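Undergrad: Below is one structure. I have some questions about it.
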Amino acid sequence: MRALLSATAFVALAIVSGAVCADESKVALSEVPKGGLEAVKAMFPAAEVTGAAKETDKDKTVFEVTLKEKGRTIDVTVGLDGKIQVVEKEIAAKDLPAAARKAIDSKYPNATFKIVEEVSAMKEGKLQLDFFEALLVTESKEKLEVQVTPDGKIKAEEKKTKDEE
């Protein structure tokens, strides 16, 4: 069971962090695996589907369906089996849990939040919050993507170039 959860977390992290060797291209909505688009629409009935992309990393292929709801972006990763794997929902920085916000503010004082997302993975048939991901611009103008757990543990940090934002 623990191995399954670890594997799921690893897949979610690889998908979310955009692994270096991943190849992503925009695709028509009709190319999203059967049942996948319907599952996304059922999960977010008030959202507008704005596009889809296909991502291949080594031998793993997934589709990312992008939606807009109340001015915020939602990206839903769907496997070849049409099942939802990961959901990334844009949130306001003020909506970060206090411990997560404190961890980021402590490590990166005076950083500007550009994008904040709540990242959840499908585990045991239920969508469960994994971590938050924040795109920051530090005081020294460095762009970073930081992953932090709800309880304030920083999981990962990655420098970003302008093209990777």
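The values are calculated or read from the model by the stated rules, or taken from the named source; none is laboratory data. Every value quoted in this text rests on a predicted model; they were computed, and no experiment measured them. Cβ: placed from backbone, ideal geometry, glycine included. Neighbour counts: every protein chain shown.
Undergrad: What residue, among those in the range 107-152 that are modelled with pLDDT under 95 and polar (S, T, N, Q), is farthest from THR73 (Cα to Cα)?
TA: SER140
Undergrad: If I go through the range 59-93 residue by residue, how many of them are touching a helix residue (DSSP H, G or I) at 6+ places or on another chain (Cβ under 8 Å) and under 30 Å from SER140 (Cα atoms)?
TA: Total satisfying the criteria: 2.
Undergrad: Say we look at the range 25-38 and pick out the residues that are of a type in the set (Gly, Ala, Ser) and part of a helix (DSSP H, G or I); which of these is farthest from the chain's Cα centre (by Cα)?
TA: Taking the range 25-38 first, the residues of a type in the set (Gly, Ala, Ser) are 25, 28, 30, 35-36.
Checking the rest, the ones that are also part of a helix (DSSP H, G or I) come to 30, 36.
Details: SER30: 22, GLY36: 17 Å.
The residue in question is SER30.
Undergrad: Filtering the range 112-135 down to residues that are farther than 14 Å from GLU90 by Cβ and in contact with a helix residue (DSSP H, G or I) (Cβ under 7 Å, 6 or more places away or on another chain), which residue is surrounded by the fewest Cβ atoms within 10 Å (Cβ to Cβ)?
TA: Taking the range 112-135 and keeping what is farther than 14 Å from GLU90 by Cβ, we get 112, 121-131.
Narrowing the set further to residues that are in contact with a helix residue (DSSP H, G or I) (Cβ under 7 Å, 6 or more places away or on another chain) leaves 121, 123, 130.
Details: ALA121: 23, LYS123: 14, ASP130: 23.
Filtering first and then ranking leaves LYS123.
Undergrad: Does LYS41 count as more than 18 Å from the chain's Cα centre (by Cα), free of Cβ contacts under 8 Å to residues at least 60 places away in the same chain and surrounded by 14 or more Cβ atoms within 10 Å (Cβ to Cβ)? Talk me through it step by step, then tell me what you get.
TA: Working: more than 18 Å from the chain's Cα centre (by Cα): no; free of Cβ contacts under 8 Å to residues at least 60 places away in the same chain: yes; surrounded by 14 or more Cβ atoms within 10 Å (Cβ to Cβ): yes.
No; evaluated as a whole, the condition is false for this residue.
Undergrad: Could you check how many residues of the range 27-60 are among the small types (Gly, Ala, Ser), closer than 12 Å to GLY82 by Cα and touching a Phe, Trp or Tyr at 6+ places or on another chain (Cβ under 9 Å)?
TA: Of the residues in the range 27-60, 1 are among the small types (Gly, Ala, Ser), closer than 12 Å to GLY82 by Cα and touching a Phe, Trp or Tyr at 6+ places or on another chain (Cβ under 9 Å).
Undergrad: May I ask you to say which residue of THR8, THR56, THR66 is modelled with pLDDT of 95 or more and hydroxyl-bearing (Ser, Thr, Tyr)? Spell out the reasoning first.
TA: Working: THR8 fails: modelled with pLDDT of 95 or more; THR56 fails: modelled with pLDDT of 95 or more.
When all the criteria are applied, what remains is THR66.
Undergrad: Here are the criteria: (1) closer than 27 Å to ALA39 by Cβ; (2) at pLDDT 95 or above. Tell me which single one ALA156 does not satisfy.
TA: Every listed condition holds for ALA156 apart from (1).
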